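Engineer: Supplied in structure tokens, the structure appears directly below.
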Amino acid sequence: MLQINNLSAKIDKYKKQIKSAVNRVIDSGWVVLGPEVKQFEREFSSYLGTTYCVSVANGTDALIYSLKALGVDHGDQVATVANAGMYASSAILSLGASPLFMDVELDSCTVGYAEVERVVNRGVKVVVITHLYGLAVPEIKKIAQLCRDKDVYLLEDCAQAHGVEIDGKKAGTFGDLASFSFYPTKNLGAMGDGGAIIGRCQELTNRARMLRQYGWSDKYEVTLSGGGNSRLDEIQAAILLEFLPSLDQENAKRRNIAQRYSQSIKHPEVTVPAERGLNYVAHLYVVRSIYRDSLRDHLRSCAVASDIHYPIPDYRQAIFESLYSDLFLENTEKLSCEALTLPCYPHMTDAQVDMVIDSVNGWKK
């Protein structure tokens, strides 16, 4: 079965660098918040073209501590999309805040300016913008200006957008803060969990840095409430340092695969994403079909794995019971019924890419 993402292929390619990173940490004897973490924070912020980076234990913590640093508290409203797997919504709920859901544009699967303007006028405290599937939100520059003009914080969720550019800037550098995940399947993924918060504002990032370790301003001195324990360990930081120099090259390979798909998949019942250049790093390659389940069954019979990102709009999740029973976001609902993710990762062979293309084109619904 051709997998959605074959991590073994990545490990085989970088086995020497991974072992070197692990041995470097073992030899140093420093395993938490040591030189590897500090070096990674410097290099990742430099790569993105921003000033500060605060590493944390995982991408969810990056969202939670970003929201905390922005002052989100019980009873606040935070705007987010509902087609991104409940990750931002879960972070919002963990703080006792309430998500205000925005619909997305059908062609990009990301939020547009008009929806952000609507929720800003509703008085939200923070807008969370998700760069989904590796695509930079097309109107992010205009959205960021709106939030600045209205004194509303903007948090960029970049868990699927490592290295993507728009208007000559990297995703994550438009808002007040940005959160990243280094889960192994991400474009920049570790050999375990990891995350980071980045930003230009020293005050906000200092708050995030304190919050990740108990709210300490100095060792054992707690001066900021709401802190916890969320630290990127030295081994994961060392491995990420080995992977970071190859990120742009691997993103280019992902884009090339996505381009081949978009040019060669010709089935009349399958809608492929538009080609978008550097605005897209192809974290996921997602097609649409009103006969998705039939297509997925066919691909399985051809030994091609697929997945659904994402099958349930956040506001339809069971935890909300009837709270959002009257809410219907047209494009979000449509995507939940039609979206299907095909294999797309930088270590695919040409033959494997051809296998996916031929399998889709050979489908008889």
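Engineer: If you take the residues of the stretch 284-302 that are among the aliphatic types (A, V, I, L, M) and not in a strand (DSSP E or B), which of them is farthest from GLU333 (Cα to Cα)? Explain how you work it out, then say what you get.
Structural biologist: The initial filter retains those residues of the stretch 284-302 that are among the aliphatic types (A, V, I, L, M), namely 284, 286-287, 290, 295, 299.
Filter once more, so that each one left must be not in a strand (DSSP E or B): 284, 290, 295, 299.
Numbers: LEU284: 19, ILE290: 12, LEU295: 19, LEU299: 23 Å.
Once the filter is applied, the top-ranked residue is LEU299.
Conditions (1) among the basic types (Lys, Arg); (2) within 19 Å of LYS186 (Cα to Cα), marked per residue:
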| residue | (1), (2) |
| --- | --- |
| SER55 | no, yes |
| THR80 | no, no |
| ASN83 | no, yes |
| GLU115 | no, no |
| VAL119 | no, no |
| THR130 | no, yes |
| ALA136 | no, yes |
| ARG148 | yes, no |
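Engineer: Could you please let me know if ASP354 is assigned to a helix (DSSP H, G or I) and assigned by TED's automatic domain parsing to the domain that holds GLU269? It would help to see each step written out before you state the result.
Structural biologist: Numbers: assigned to a helix (DSSP H, G or I): yes; assigned by TED's automatic domain parsing to the domain that holds GLU269: yes.
Here the answer is yes, as ASP354 does meet what is asked.
Engineer: Oh, and also: So for the stretch 123-137 (the condition being under 18 Å from GLY85 (Cα atoms), among the polar types (S, T, N, Q), surrounded by fewer than 23 Cβ atoms within 10 Å (Cβ to Cβ) and within 17 Å of the chain's Cα centre (by Cα)), does at least one residue qualify?
Structural biologist: Within the stretch 123-137 (the criterion being under 18 Å from GLY85 (Cα atoms), among the polar types (S, T, N, Q), surrounded by fewer than 23 Cβ atoms within 10 Å (Cβ to Cβ) and within 17 Å of the chain's Cα centre (by Cα)), the answer is no, since none of the residues qualifies.
Engineer: From (1) outside the structural domain of LEU188 (by TED's automatic domain parsing); (2) of a type in the set (Gly, Ala, Ser); (3) over 24 Å from the mean Cα position of the chain (by Cα), pick out the condition that doesn't hold for SER225.
Structural biologist: If we test SER225 against (1) outside the structural domain of LEU188 (by TED's automatic domain parsing); (2) of a type in the set (Gly, Ala, Ser); (3) over 24 Å from the mean Cα position of the chain (by Cα), just (1) comes out false.
Engineer: Can you tell me which residue in the stretch 6-34 is surrounded by the fewest Cβ atoms within 10 Å (Cβ to Cβ), limited to those that are in contact with a His (Cβ under 9 Å, 6 or more places away or on another chain) and of a type in the set (Lys, Arg)?
Structural biologist: Ranking the candidates gives LYS13 first.
Engineer: Further question on the same structure: Checking ILE257 against (1) touching a Cys at 6+ places or on another chain (Cβ under 7 Å); (2) among the β-branched types (Val, Ile, Thr); (3) surrounded by fewer than 14 Cβ atoms within 10 Å (Cβ to Cβ), which single condition isn't satisfied?
Structural biologist: Of everything listed in (1) touching a Cys at 6+ places or on another chain (Cβ under 7 Å); (2) among the β-branched types (Val, Ile, Thr); (3) surrounded by fewer than 14 Cβ atoms within 10 Å (Cβ to Cβ), ILE257 misses just condition (3).
Engineer: Another question about this same structure. Tell me the residue from ILE312, ILE319 that is farther than 27 Å from GLY172 by Cα and either modelled with pLDDT of 95 or more or in a helix (DSSP H, G or I) (or both), please.
Structural biologist: Details: ILE312 fails: farther than 27 Å from GLY172 by Cα.
On inspection, the qualifying residue turns out to be ILE319.
Engineer: From the set of residues in the stretch 91-122 that are of a type in the set (Gly, Ala, Ser) and more than 18 Å from the chain's Cα centre (by Cα), which is farthest from VAL78 (Cα to Cα)? Quick ask: steps written out before the conclusion?
Structural biologist: First, pick out the residues of the stretch 91-122 that are of a type in the set (Gly, Ala, Ser): 91, 94, 96-98, 108, 112, 114.
Checking which are more than 18 Å from the chain's Cα centre (by Cα) leaves us with 94, 96-98, 114.
Details: SER94: 12, GLY96: 11, ALA97: 7, SER98: 6, ALA114: 16 Å.
Out of the qualifying residues, it is ALA114.
Engineer: Could I ask something else about it? Here are some conditions: (1) part of a helix (DSSP H, G or I); (2) free of Cβ contacts under 8 Å to residues at least 40 places away in the same chain. ASP326 meets all but one. Which one does it not meet?
Structural biologist: Every condition holds for ASP326 apart from (1).
Table: residues versus (1) of a type in the set (Val, Ile, Thr); (2) surrounded by fewer than 20 Cβ atoms within 10 Å (Cβ to Cβ).
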residue: VAL281; (1), (2): yes, no
residue: ILE290; (1), (2): yes, yes
residue: ASP314; (1), (2): no, no
residue: SER322; (1), (2): no, yes
residue: THR332; (1), (2): yes, no
residue: LEU340; (1), (2): no, no
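Engineer: Which ones in the stretch 331-365 are closer than 17 Å to PRO311 by Cβ and of a type outside the set (Val, Ile, Thr)?
Structural biologist: So the first thing to find is which residues in the stretch 331-365 are closer than 17 Å to PRO311 by Cβ, and the list is 331-342.
Residues satisfying the conditions are ASN331, GLU333, LYS334, LEU335, SER336, CYS337, GLU338, ALA339, LEU340, LEU342.
Engineer: Something else: Against the condition aromatic (Phe, Trp, Tyr) and buried (at least 23 other Cβ atoms within 10 Å of the Cβ), how does TYR183 come out, does it pass? If you could, list the steps in order and put the result at the bottom.
Structural biologist: On the way: aromatic (Phe, Trp, Tyr): yes; buried (at least 23 other Cβ atoms within 10 Å of the Cβ): no.
Considered against the rule, which asks whether it is aromatic (Phe, Trp, Tyr) and buried (at least 23 other Cβ atoms within 10 Å of the Cβ), TYR183 comes out as no.
Engineer: Mind telling me which of the residues LYS68, LYS38 ends up being more than 15 Å from the chain's Cα centre (by Cα) and without any contact (Cβ under 8 Å) to a residue 40 or more places away in the chain? Steps first, please.
Structural biologist: Details: LYS68 fails: without any contact (Cβ under 8 Å) to a residue 40 or more places away in the chain.
On inspection, the qualifying residue turns out to be LYS38.
Engineer: Identify, from the list LEU241, LEU247, LEU295, LEU299, the residue that is touching a strand residue (DSSP E or B) at 6+ places or on another chain (Cβ under 7 Å) and either crowded, with 17+ Cβ neighbours inside 10 Å or in the same structural domain as ALA82 (by TED's automatic domain parsing) (or both). Write out each step before concluding.
Structural biologist: Values: LEU241 fails: touching a strand residue (DSSP E or B) at 6+ places or on another chain (Cβ under 7 Å); LEU247 fails: touching a strand residue (DSSP E or B) at 6+ places or on another chain (Cβ under 7 Å); LEU299 fails: touching a strand residue (DSSP E or B) at 6+ places or on another chain (Cβ under 7 Å).
Answer to the selection: LEU295.
Engineer: Return yes when ILE166 is touching a strand residue (DSSP E or B) at 6+ places or on another chain (Cβ under 7 Å), crowded, with 19+ Cβ neighbours inside 10 Å and of a type outside the set (Ser, Thr, Tyr) and no when it is not. I'd like the intermediate steps shown before the answer.
Structural biologist: Details: touching a strand residue (DSSP E or B) at 6+ places or on another chain (Cβ under 7 Å): no; crowded, with 19+ Cβ neighbours inside 10 Å: yes; of a type outside the set (Ser, Thr, Tyr): yes.
No, not satisfied.
The values are calculated or read from the model by the stated rules, or taken from the named source; none is laboratory data. Given the structure is predicted, the values throughout are model-derived calculations rather than measurements. Cβ sites come from the backbone with ideal geometry, for glycine too, and all protein chains shown count toward neighbours.
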